[in-house]
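Worksheet: the structure to be examined is printed underneath.
The values are calculated or read from the model by the stated rules, or taken from the named source; none is laboratory data. Everything numeric here is computed off the predicted structure, so don't read it as measured data. Cβ: placed from backbone, ideal geometry, glycine included. Neighbour counts: every protein chain shown. Heads up: the accessible areas ignore ligands, DNA and RNA and are worked out on the full protein's heavy atoms, side chains in. Shrake-Rupley method; radii C 1.70, N 1.55, O 1.52, S 1.80 Å.
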Amino acid sequence: MAQDNSSRVTEFILLGLSDTQGLQLLFFTLILLAYTMVLLGNLLIFVTVRTDPKLSSPMYFLLCNLSFLDICCTSVTAPRVLVALLSGHKAIAFEGCMAQLFFLHFVGSSEMFLLTVMAFDRYMAICRPLHYTAIMARGACWALVAACWAGGFIHSAVQTVLVLQLPFCGPNTINSYFCDVPPVIRLACADTALTEWLMASNSGLISLGCFLVLVASYALILAKVWARVSQGNWKALSTCASHVMAVTLFFMPCIFTYLRPAGTLPTSKYVCAIYTILSPMMNPLIYTLKSSEVKESMWRLRKR
């Protein structure tokens, strides 16, 4: 079936963010700036954590992995849209479209699982400090990160296989700047109702489930902090608030995009830009701005 699909539709046309020349130049500048900030910010965190032995706690180990996933997530979409805006070439091969869809969901769902693990890490550190060292040992951290990657791979493989089973023989124009499940399956030459519900159950429920677990974890942390107000706990309260803002910025657009059949409402490409570009750009600021240890380590790295 997949081979037949490829013989009928050999490429898709990505309409991008705008057809207006002035807006294309504006979007190119904004995306290039955002992508540069994603690369520099997350690479700085990655190098800082990896080179400073003082940042060896589970929190920074998970933060290092988050930075790597943020770089991968934005790199799946940003370079190609920058080339398209600059050259005007909007076509993408069928195989390239499927590859972009696969890696976007692979990295994106892995990041969802990792953010959930990070919330669990903060819950254990604040609410169960006596058990924290034993539970969040280095071996356990590696196992949790491996589980995040494995879960992301399985989720993405299921999504890609469902798309490849569909016949594509008609229109090939995608009203977006990257290949994603909802706009692609709208082009299928078949009844996609069952496939849409399966995909909504897969991506949508994963997004919603992880978000609810995150909210529950931070609610327990905030309740614990509020019960014992002190200078240290106020700092933890502020840190949790910034983390809640970060996960909301990432999860709400995903829930809006995937927790419904693809044909019910059109997916806004500008909403998709929030979790593919804006959120990876904001994560370095949100997760390190209040960490004096990371800032001191960056200062030492700069001196070296």
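Looking across 147, 119, one residue alone is free of Cβ contacts under 8 Å to residues at least 40 places away in the same chain and closer than 28 Å to residue 252 by Cα. It is 147. Filtering region 156-184 to residues that are closer than 16 Å to residue 104 by Cα and either in a loop (DSSP other than H, G, I, E, B) or free of Cβ contacts under 8 Å to residues at least 60 places away in the same chain (or both) leaves 156, 157, 158, 159, 161, 162, 176, 177, 178, 179, 180. Going by the conditions given, is residue 78 surrounded by fewer than 23 Cβ atoms within 10 Å (Cβ to Cβ), in contact (Cβ under 8 Å) with a residue 12 or more places away in the chain, among the aliphatic types (A, V, I, L, M) and closer than 26 Å to residue 13 by Cα? Against the criterion (surrounded by fewer than 23 Cβ atoms within 10 Å (Cβ to Cβ), in contact (Cβ under 8 Å) with a residue 12 or more places away in the chain, among the aliphatic types (A, V, I, L, M) and closer than 26 Å to residue 13 by Cα), residue 78 does not qualify.
Considering only region 74-93, I want to know if a residue exists there that is within 30 Å of residue 129 (Cα to Cα) and outside any loop (DSSP other than H, G, I, E, B). No. If you check 166, 194, 220, 205 for being over 21 Å from the mean Cα position of the chain (by Cα) and surrounded by fewer than 14 Cβ atoms within 10 Å (Cβ to Cβ), only one passes: 194. With respect to the conditions (1) open to solvent by 10 Å² or more (accessible area, probe 1.4 Å); (2) over 22 Å from residue 81 (Cβ atoms), residue 98 falls short on a single one, namely (2). Give the residues of region 91-125 that are touching a Ser or Thr at 6+ places or on another chain (Cβ under 8 Å) and among the aromatic types (Phe, Trp, Tyr), sorted by residue number. If the condition is that a residue be touching a Ser or Thr at 6+ places or on another chain (Cβ under 8 Å) and among the aromatic types (Phe, Trp, Tyr), then 94, 102, 103, 106, 120, 123 are the ones that fit. For region 111-163, the set of residues classified as open to solvent by 70 Å² or more (accessible area, probe 1.4 Å), modelled with pLDDT of 90 or more and aliphatic (A, V, I, L, M) consists of 154, 161, listed by residue number.
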